Every structure is written in C-alpha cells, then in structure tokens.
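Enquirer: Okay, here's the structure, questions in a sec.
Since every read-out is calculated from the coordinates, none of them should be taken as a lab result. Small disclaimer: the values here were computed from a predicted structure and weren't measured. A quick note on method: Cβ atoms are made from the backbone with ideal geometry, for glycine too, and the neighbour counts reach across all protein chains shown.
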Amino acid sequence: MPLSKSKLIQAARSLFKEEEKITEMIVEILLTKKLRIDFDEIMRIAEKLGESENVEDLAKETMLAMEDWRLMLPVRAKHCSIAWENRLNTPKPGETYEVSTCIVLAFNHLTSKGVWDWRLSIRKYMESIRQPNKDIVLSVIDEILRKLYFKRLTNAMVIHEACKHHDYEENIGVLIVELKGGGIISPCLGYSLISRRLFAKHIEGLYEGGPFYEINRALFILELSKY
C-alpha cells in the first residue's frame, strides 16, 4: 500500500535530515516523477507550500539541498562535462534541473513500499538498459561501497578490481558509462594539484588509481551509514 503524503515526508526527513519545509519540497518535486523539471515548476510547488514572503527562498534552499545530496542537479554546466561538480546552480527562470533515473526509481519504491533500496533501484535501471549481468553488477557496486574514500570517492582501479573479483567479463569502460548514465557515479575532476597532494598524504592509492569518481550520496545514504 502506498505511503500517505505525511508518512512519505516523514520517511524522507528520516533519510536526509533536512528541515520540514525543505523535505516537503523534495517530496513534491520527486512526486512529479519527472527526469527534468524547470525553475518555474519548482516555484509553483513552493508557492503551494510556503508563505508568500519566503517562496523564492524556499525554492532556492531546496534546490541547493537537493544538489548537495545529488537528488537533483542543474542541467547547465561550467564546462562541456557531465560531472556533477561542474553544474551551475543559479536558481532563476529558465533554468532546468534533472533527476537521475536511479533516484526516480528509488523514490518510487519508497513511495510504494516505504523502503529506500539502492539495489532494487539499480537492478531496475540495469533491466531498462538490458544489462545482462545485473547480479554481478550489484556485487561489484557493493564492493566499491566498502572501499570508498571519505565515504564518497572511488577510482578506476577500485572499480576494475571489483569487476575482476566478481568475474565481470564484459567491457568495464562500458559499465562505467552505464553507472554514470544512471546517476550512480560521476567523474570527479575538480580538485587542484595542491589538494591532491594534501589528500595523497592521508589516502594512499586514491590518486594512483586512475580517474576518480564520486558516488551518489542520496542513493547510497543507508549503505554509507554502515561504514
């Protein structure tokens, strides 16, 4: 039986620990089930929920919170890059935001069953793109999550080793593209050389492991709390 709106808001607040009004906004935005939503529609949602004097602030705070969690991201980017870190979040008329397929699927399951389940979400996504090795991919992702740096970063070496460990024999480059396409990981390129050197002192292997990626914090929120 689907959750009532109040219970859905309660479940979302338990997950993301945002203020009540922002959580209500997050729920209403995700209930549209849209992969893309524009600023004007977000403003209309805020007008339904907010006081007249703080509608724009509520909309902007929600967009910033959702970007931080990777629940929703601006389409426009600083450079010709799909990296989440390069997105330009300047809430104003004309701006468009996107919700990844896996977030939509995870929220749909939360709505219908009251459970936020990354495995089910990714399985359904993999079925939609006809990935023949769904179970192996889930095992690969599970291993990647156990070997994260800062509970948010991984690199190509970790991904390749996880694939090898679980006998994933297909093109790993294609799998990485699929993970990016579903909103599961994103290239993470924005650290300066100085920052890399500072991090490298504390995290042996991160920068030696090839290109690195950030994972979707929202999608794996329950899993990350274990580590």
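Enquirer: Roughly how many debye, to the nearest 20, is the charge dipole of the chain about its Cα centre, given +1 on each Lys and Arg Cβ, -1 on each Asp and Glu Cβ, and no other charges?
Expert: 340
Enquirer: Still on this structure: Can you sort 18, 170 from fewest to most other Cβ atoms within 10 Å of each residue's own Cβ?
Expert: 170, 18
Enquirer: As a footprinting exposure proxy, order 63, 157 by other Cβ within 10 Å, with the fewest listed first.
Expert: 157, 63
Enquirer: With springs only between Cα atoms under 10 Å apart, run a GNM on the chain and tell me which of 32, 23, 96 wobbles the most.
Expert: So, out of 32, 23, 96, the one fluctuating most is 32.
Enquirer: Which of 145, 71, 82 sits closest to the plus end of the dipole of the chain, meaning its Cα is farthest towards the positive end, when Lys and Arg get +1 and Asp and Glu get -1 on the C-beta?
Expert: 145
Enquirer: Contact order normalised by length for segment 122-176, with contacts defined as Cα pairs under 8 Å and 6 or more residues apart; what percent is it?
Expert: For segment 122-176, the relative contact order is 31 percent.
Enquirer: Dipole magnitude of segment 1-62 about its Cα centre, charges +1 at Lys/Arg Cβ and -1 at Asp/Glu Cβ only, in debye to the nearest 20?
Expert: In total the dipole reaches around 540 debye.
Enquirer: Take every Cα pair under 8 Å in segment 5-99 that's 6+ residues apart, average their separations, divide by the length, and report that relative contact order as a whole percent.
Expert: 29
Enquirer: Give me P(r) over segment 1-82, computed from all C-alpha to C-alpha distances, binned every 5 Å, as integer percentages.
Expert: 3, 15, 25, 24, 19, 8, 4, 2, 0
Enquirer: Computed over the Cα atoms of the chain, what is the convex hull's projected area averaged over all directions, in nm²?
Expert: The number I arrive at for the chain is 13.4 nm².
Enquirer: What is the P(r) of segment 107-184, as percent of Cα-Cα pairs per 10 Å bin from 0?
Expert: Here the calculated profile for segment 107-184 is 17, 50, 27, 5.
Enquirer: Right, next: GNM, the chain, Cα, under 10 Å: largest mean-square fluctuation among 121, 139, 100?
Expert: 139
Enquirer: A further question on this structure: Could you check the simple spin-label distance between residue 172 and residue 20, using points 7 Å along Cα→Cβ, in nm with one decimal?
Expert: 4.9
Enquirer: For segment 37-180, what's the relative contact order in percent, using C-alpha pairs closer than 8 Å and at least 6 residues apart?
Expert: That works out to 15 percent.
Enquirer: Which one of 116, 84, 69 has the biggest mean-square fluctuation once the chain is modelled by GNM with Cα springs under 10 Å?
Expert: 69
Enquirer: Where does each of 167, 68 land when they are ranked from fewest to most other beta-carbon atoms within 10 angstrom?
Expert: 167, 68
Enquirer: Got a sec? Charge dipole of the chain, +1 on Cβ for Lys and Arg, -1 for Asp and Glu; which of 111, 219, 22 is way out at the positive end?
Expert: Farthest along the dipole direction, towards plus: 219.
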